[in-house]
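Heads up, the thing below is written out as C-alpha cells.
No value in this document is a laboratory result; all are computed from the given coordinates. Here the structure is a predicted model, which means the values were calculated and not measured. Cβ placement follows ideal geometry from the backbone for every residue including glycine, while neighbour counts extend to all protein chains displayed.
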Amino acid sequence: METPGSQSSLHRANLERVVRAVRLAGSLTQAEIARTTGLSAATVSNIVRELKEGGTVEVTPTSAGGRRARSVSLSGDAGIVIGVDFGHTHLRVAIGNLAHQVLAEESEPLDVDASSDQGFDRAERLVSRLIAATGVDRAKIAGVGLGVPGPIDVESGTLGSTAILPGWGGTRPAEELRGRLGVPVHVDNDANLGALGELVWGSGRGVRDLAYIKVASGVGAGLVINGKIYRGPGGTAGEIGHITLDEAGPVCRCGNRGCLETFAAARYVLPLLQPGHGPDLTMEGVVRLARDGDPGCRRVIADVGRHIGSGVANLCNLLNPSRVVLGGDLAEAGELVLGPIRESVGRYAIPSAARQLSVLPGALGGRAEVLGALALALSEMGDSTLLDGSATGALPAATPAFT
C-alpha cells in the first residue's frame, strides 16, 4: 500500500504528471516535458522509458532547435475520446485518440426547431455510426466533450436560455448524453470550446492568454487566462455580445438596448443587405461577395469589424490578452474585418494593451468547436486508468492529426 510521502507515491505522482503533460499537449520532447512538469531531465528520461515499456507512450525521433530530440506522445491505442458539437444549423461529431489524432469526423444538418430529445437522439446515432465505421471498442472510450450554443450553469449543468436552439433552455445536456452513451460527458458552450480548439491546435498555440470571438447567430467569447478556460462562478464569462455600445440602440434579445450583438450578429446584419441581395443571403454569402468587391457587403463587414473592435478594446482594458482569435464565418473575410477590428482597438484600448495584442483569424474554421470538444474530453479525463493498464488494445490506423 502506498503511503503519502513514500517513494512509491512520489513515483506515482511523477508518472501522472508526465502523462498529463503529454496528454494535454499531444506530443512533447523530453526537454519540454521537463520544463512543463518541473522534473529533472534524468527523472523524465527514466519515466518515459518506463511508460514506453508499459505501452503507455510512443517515442519517435524529431528535432528541436536544430538538435536531435525525442518526441513523446500517448500510444494511439491508449484510449478514445469523442467530441460532439451542436450548432445553429448543424451537428458535428469527431472521434479521436489520446495521441491527438482524428479517427473519424462527420457533420449533418440540424433543424433549428428540433427538440433537445431529437437532437440528442441524432447525436447518439451519429456517434454509433462513427464508432462502427472505425471499429473502435466502446470500452476504450474515456469521455465525451459536448458543445452547445448557450450558457451552461457550472453548478447544475443546466443550459440557460438560448435563442439559437429554442426550446433547449433548462435541459441538462451532459446528463442527457451520458444516459444515452453510458460514458462520462463534459459540456461547455461553443465559444469556450472554440477557444480551447484554437488554443491547442490553431491560432492560439503558444500563448497563455487569449480571447476567441465567435460571430454567428450571436456573438460570444471564450476566454483563456493562464492557459485555462475562464468560465466565471456561474459559467457566463465571455458574454461580449452584451457589452453596451449604444444605450439608444436596437433592443437586444437579452432585454437591453444597443448590445454589441445587435450591431454584429448575423440576425441583425443580414437584413441590412437583403433588400438588394435577396432574402436567402447568408453571412457566408456576404463574406464571399465582399471578397469579390461588392461595396455594400464590404461596408457592412467593415462596420461590424469596428463594432467588434470596440468590444475587444474593453477586453484588452480589463484582461490584457496577448491574442484575439476571430472565429465563425466572418473570419473568412480576412483583413476586410481584421483591419477595422485593429483600428477600433487602437482607438479605444489602453495603448500598452493594444501594442501587446495580435488579432488573427481562426485556423480551424468550422471545426474549432468539435476539436475543442475533443480537447475538453482530453483535459477532464484522469490518468489513473492509463497507468493501471485498463486502456489497452489496438485501433485502426489514424488519419492526420488535428490540423
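Counting only complete DSSP H runs, which helices of the chain cover 30 Å or more along their long axis at the Cα atoms and score a mean Kyte-Doolittle of -1.0 or above?
295-319
Please compute the modelled spin-label separation between N46 and R267, points set 7 Å along Cα→Cβ, answer in nm with one decimal.
Result for the modelled spin labels: 6.0 nm.
Could you list the residues of the range 18-59 with an amide nitrogen less than 18 Å from a label point located 7 Å from the Cα of R67 in the Cα-to-C-beta direction?
28-46
Take every DSSP beta bridge whose two residues both sit in the range 204-362, then give the antiparallel share in percent to the nearest 5. The partial results should precede the final answer.
Details: 11 of 20 bridges.
In the range 204-362, approximately 55 percent of DSSP beta bridges are antiparallel ones.
Hull surface divided by four, with the convex hull built on the Cα atoms of the range 1-157: how many nm²?
If I average the Cα hull's projected area over directions, I get 13.2 nm².
Test of understanding: extend the Cα→C-beta vector of D137 to 7 Å, then name every residue of the range 42-56 with backbone N under 16 Å from that spot.
In the range 42-56, the label zone of D137 (backbone N under 16 Å from the point 7 Å along Cα→Cβ) covers 55-56.
Please report the relative contact order for the chain, taking Cα pairs under 8 Å with a sequence separation of at least 6, and give it as a percent rounded to a whole number.
After rounding, I find 18 percent.
Which three lengths, in whole Å and largest first, does the range 204-362 cover when its Cα atoms are put on their principal axes?
46, 34, 25
Which GluC sites (Glu not before Pro) in the range 175-216 pass both tests, a DSSP loop state and at most 16 other beta-carbon atoms within 10 Å?
Details: sites: E175, E176, E198; in loops: none.
Counting only loop positions with at most 16 other Cβ atoms within 10 Å, none of the GluC sites (Glu not before Pro) in the range 175-216 qualifies.
How would you rank 190-196, 361-367, 94-100, 344-350, highest first, on the average number of other Cβ atoms within 10 Å across their residues?
Peptide ranking by packing, descending: 190-196, 94-100, 361-367, 344-350.
Just the C-alpha atoms of the chain: what Rg/Rh do they give, with Rh taken as the Kirkwood radius?
Values: Rg = 22.3 Å, Rh = 22.3 Å.
Over the Cα atoms of the chain, Rg/Rh equals 1.00.
Nearest 5 percent is fine: what portion of the DSSP beta bridges confined to the chain is antiparallel?
Working: 37 of 57 bridges.
If I count the DSSP bridges inside the chain, around 65 percent turn out antiparallel.
Which of S63, S217, S107 comes first, and how do the rest follow, when ranked by fewest Cβ neighbours within 10 Å?
Placing the least packed residue first, the sequence is S63, S107, S217.
Can you give the FRET efficiency for E106 and V207, using 1/(1 + (r/R0)^6), R0 = 35 Å, r = Cβ-Cβ distance, to the nearest 0.05?
0.70
Output the peptides 111-119, 312-320 sorted from most to least packed, where packing is the average of other Cβ atoms within 10 Å over each peptide's residues.
Per-residue Cβ counts within 10 Å, averaged per peptide and sorted highest first, yield 312-320, 111-119.
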